[in-house]
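Since the structure comes first, as C-alpha cells, the remarks are kept for the end.
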Amino acid sequence: MILSVFSTTAFAEEVTVRPHWSLELKGGAFIPDVDNWSAFYGRRYTSEYGGSVAYKITRKVEVGMEGMYLMDKGQGFAPIHQTITGSVKYESVPLNVFVLARWLSSEKQFLVPYIGGGWTRLFYREDVQNQGVVRGSTNGYHGRAGLQFLLDGIDPDASRSMYFDYGVFHTYIFVEAEYVHALANTITSGSVNLGGTSWLGGLLFEF
C-alpha cells in the first residue's frame, strides 16, 4: 500500500513537469503568388510537406526552425526564366526561423490557437527544357496561424504509454495557414515572389 501511494505521488509529480520541445510533421497545398501558375502547371496549387522543431522558452512561447519542400512539373512557363518553354520542373525549399505564441491556459485545453512568424531563407531550383538549370536562394519573411486539437483524451492509455515509452507529454493534430514572401530576381526583368500561401495539416508532439 505504501509503495502504491509513493508510486502514484511520484507519477503525479512527474507529469507536472512541462515539455520543453515540440516536433511537427505536416503537409498540404501551396498556392504560389506567381501569376498564371495554373495556366502552365495545370492547377493553381501544388503539394508541400515538411516539419519543424522548436524549443519552448515558456509554456506559451517557443522558438524554432521549419523546413518545407515543394515541387511541380509543367509545360510552357518558367517563373525564374520568365520565358515560354517546353517542359519545366520547379523545386523550392523554404527554411523558416520563427517565434510562435500559443493561447494555452491548461494542460488539458482541447483547442489551442496559435500565431507565429519570422525570417525565411528560400532555396529554389528550376530545370527548363533546352535552357539549363537555374538555382539560387533569397531572403524573406513568413507568418502563420492555426489551431491545435489535443488528442490525449481520446485514448488516455495510449497517451500514458507515449509518455512512459517515448517521453511525449501531449499529442495534437493541427490545421494552419502560412504565408511566405521571398523575392528573387528573374533572368529577363524585375523580380518575382517565390512565396505564397500554404494550407497545412499535421501532427504535433510535445516532449
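The values are calculated or read from the model by the stated rules, or taken from the named source; none is laboratory data. Source: prediction; values computed, not measured. In this analysis, Cβ positions are derived from the backbone assuming ideal geometry, glycine residues included, and neighbour counts consider all displayed protein chains.
For the reader, a short list of remarks on this structure follows.
- Looking only at residues of the range 178-193 that are surrounded by 15 or more Cβ atoms within 10 Å (Cβ to Cβ) and at pLDDT below 90, we find that the one that is nearest to TRP119 (Cα to Cα) is ALA184.
- The range 30-61, subset among the aliphatic types (A, V, I, L, M) and within 30 Å of SER106 (Cα to Cα), residue surrounded by the most Cβ atoms within 10 Å (Cβ to Cβ): ALA54
- Within the range 56-72, being outside any strand (DSSP E or B) and touching a strand residue (DSSP E or B) at 6+ places or on another chain (Cβ under 9 Å) holds for ILE57, ARG59, LYS60.
- Being surrounded by 14 or more Cβ atoms within 10 Å (Cβ to Cβ), at pLDDT 90 or above and closer than 30 Å to ASN185 by Cα is a property that VAL99 has.
- Close pairs from the range 34-51: first at negative phi and touching a residue at least 60 places away in the same chain (Cβ under 8 Å), partner of a type in the set (A, V, I, L, M, F, W, C) and assigned to a loop (DSSP other than H, G, I, E, B), Cβ under 9 Å, at least 6 apart: VAL34/LEU194
- Residue among GLY64, GLY27 that alone is touching a residue at least 60 places away in the same chain (Cβ under 8 Å), surrounded by 14 or more Cβ atoms within 10 Å (Cβ to Cβ) and not acidic (Asp, Glu): GLY27
- Qualifying residue in the range 141-152 (condition: of a type in the set (Lys, Arg), under 22 Å from ILE31 (Cα atoms) and modelled with pLDDT of 95 or more): yes
- Among residues of the range 32-55, those that are assigned to a strand (DSSP E or B) and over 14 Å from TYR90 (Cβ atoms), counted: 7
- Residue that is surrounded by the most Cβ atoms within 10 Å (Cβ to Cβ) [pool: residues in the range 140-177 that are among the aliphatic types (A, V, I, L, M) and assigned to a helix (DSSP H, G or I)]: MET162
- Test result for GLU126, assigned to a loop (DSSP other than H, G, I, E, B) and charged (D, E, K, R): no
- Residue among VAL192, VAL180, VAL175 that is in contact (Cβ under 8 Å) with a residue 60 or more places away in the chain and closer than 18 Å to SER52 by Cα: VAL180
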